[in-house]
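Below: one structure, written as structure tokens.
The values are calculated or read from the model by the stated rules, or taken from the named source; none is laboratory data. Values in this document were obtained by computation on a predicted structure and should not be read as measured data. Note that each Cβ is placed from the backbone with ideal geometry, even for glycine, and that neighbours are counted across all protein chains shown.
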Amino acid sequence: MTLPAIETYVFDAPSHLKIVAKRYTTTLSTHDVGGLTLVFTHCIGSHKEQWEPVIQHLFRSQYTKDKRYRIREAWSFDWQNHGDAAVLNREALKLRPKGVSAYEWSEAIAEFIRSPRMKGHRIVGLGHSAGAATVLLTTKGIPSNELPFVAMILIEPTIVTREVFNEEREDRMSAMDFAVTATSTRRDNWRSREQALAYFKKRLPWGLWDPRALQILVDHGLETLPSGEVALKCDRKQEAISYPDVEPHFEGALHLGRVCHTLPIHLIWGARNDFVPDFIRDSLSDAKEGRIVASVTKVKDAGHLVVQEQPTLLAEAIVPILDGIGPVPRSRL
């Protein structure tokens, strides 16, 4: 099977910002109108292209199967202050020292999902880390029997109820402060892409990444400056300010508890627990609290950045989930 063709789209988003997405299709997939449409959201500090190794694997895995399990198309979205969107929105972002909330990102994606373009599509939402909250927030205001998704797959989600967060508030705030400080003081420019790649290879967390993910960061996460140097597209101040924006994560947990009764919600964690503590992981699949998930999977040799560290193993964990999606979503039965 040939690699998916890639098209780039720019959409108007709320608050006069642009949102950038890539659409992945193959010559055959566009005819599989009964197949699945995958919608991907990334973590803080990442960008839409980091999903490409996973997307390519899923197209290869599904294209010989029954038509309802094939991939019709895949879409991956940049947060408005990340990736190519950050470049397009640069001047507007200078007027936004508080950054761009996941609420705004979810509103833009929800608008896309509700658009005529997506009518009749069997949509699967896949969100990583903060992107998981974003996917869940797209269901805001939609009755449970009218959800536009057939399933959601949440990878290392950072959603949490306010109550659980407050039980370990000091620990959570300490972790957040560390992330903000590390991001704010991190190096963000290099003489060349080659120098940047050499820099990343020798340092955490990048040294743990799959070589494809690392090359994607260098190819798509950096931009060339007028001086000839290269720099991260996502301004480190904009990235850092995203971490304390916890309200979307609280509300995301509420939506999980609401939609899980009519929509299959699947959780995927890295086997190496290096970011989301067990008490939060366990709380998200606590049936006693009404959060009933369809499955919980762990990916070996991976931590929080499983998308970047083990894209092939992650894709292999996603395949059986896609193969188990029924022709009609539970929410419409």
- prompt: Can you name the helices (runs of 4 or more DSSP H) wholly within region 252-333 that have at least 2 residues being among the small types (G, A, S) and more than 20 Å from T134 (Cβ to Cβ)?
  reply: 311-323
- prompt: Within the set of pairs 6 or more residues apart or between chains, which connect a residue that is more than 14 Å from G252 (Cβ to Cβ) inside region 99-112 to a residue that is of a type in the set (D, E) with Cβ atoms less than 8 Å apart?
  reply: G99/D245
- request: Would you please list the contacts, defined by Cβ atoms under 6 Å and residues six or more apart or on different chains, that run from a residue in region 25-43 that is touching a residue at least 40 places away in the same chain (Cβ under 8 Å) and within 17 Å of D66 (Cα to Cα) to a residue that is in a strand (DSSP E or B) and acidic (D, E)?
  value: T37/E73
Sole residue being buried (at least 20 other Cβ atoms within 10 Å of the Cβ) and touching a Pro at 6+ places or on another chain (Cβ under 7 Å), chosen from L256, L217, L263: L263
task: Sort out for me the strands (runs of 3 or more DSSP E) sitting completely within region 1-64 that have 2 or more residues that are surrounded by 14 or more Cβ atoms within 10 Å (Cβ to Cβ), modelled with pLDDT of 95 or more and not β-branched (V, I, T).
output: 17-25, 36-41
- prompt: Taking region 99-146 only, how many residues are assigned to a helix (DSSP H, G or I) and either within 30 Å of A302 (Cα to Cα) or not basic (K, R) (or both)?
  reply: 25
task: Determine the pairs where a residue that is closer than 11 Å to R186 by Cβ, located within region 217-242, has a partner that is of a type in the set (A, V, I, L, M, F, W, C) and in a loop (DSSP other than H, G, I, E, B) with Cβ atoms under 8 Å apart, the partner being 6 or more residues away or on another chain.
output: E239/I44
- prompt: Is it true that some residue in region 322-332 is in contact with a Ser or Thr (Cβ under 6 Å, 6 or more places away or on another chain), of a type in the set (K, R) and closer than 20 Å to T139 by Cα?
  reply: yes
query: So A198 clears everything in (1) among the aliphatic types (A, V, I, L, M); (2) closer than 30 Å to N166 by Cβ; (3) surrounded by fewer than 19 Cβ atoms within 10 Å (Cβ to Cβ) except one condition, right? Which one?
result: (2)
- request: Test A74 against the criterion of being hydrophobic (A, V, I, L, M, F, W, C) and buried (at least 24 other Cβ atoms within 10 Å of the Cβ), and give yes or no.
  value: yes
message: Condition (residue is farther than 21 Å from A102 by Cβ and either crowded, with 18+ Cβ neighbours inside 10 Å or hydroxyl-bearing (S, T, Y) (or both)) applied to region 232-240: is it met by at least one residue?
response: no
query: Is it true that T183 is among the polar types (S, T, N, Q), in contact (Cβ under 8 Å) with a residue 24 or more places away in the chain and farther than 18 Å from E247 by Cβ?
result: yes
- prompt: Does region 136-153 include one or more residues that are of a type in the set (K, R), within 30 Å of Q215 (Cα to Cα) and either under 21 Å from the mean Cα position of the chain (by Cα) or surrounded by fewer than 17 Cβ atoms within 10 Å (Cβ to Cβ) (or both)?
  reply: no
- request: Please specify each residue of region 106-135 satisfying the condition of being more than 18 Å from I318 (Cβ to Cβ), within 16 Å of the chain's Cα centre (by Cα) and not β-branched (V, I, T).
  value: S106, E107, A108, A110, F112, A130, A133
Meets criteria (within 17 Å of L284 (Cβ to Cβ), polar (S, T, N, Q) and either in contact (Cβ under 8 Å) with a residue 12 or more places away in the chain or not in a helix (DSSP H, G or I) (or both)) for T158: yes
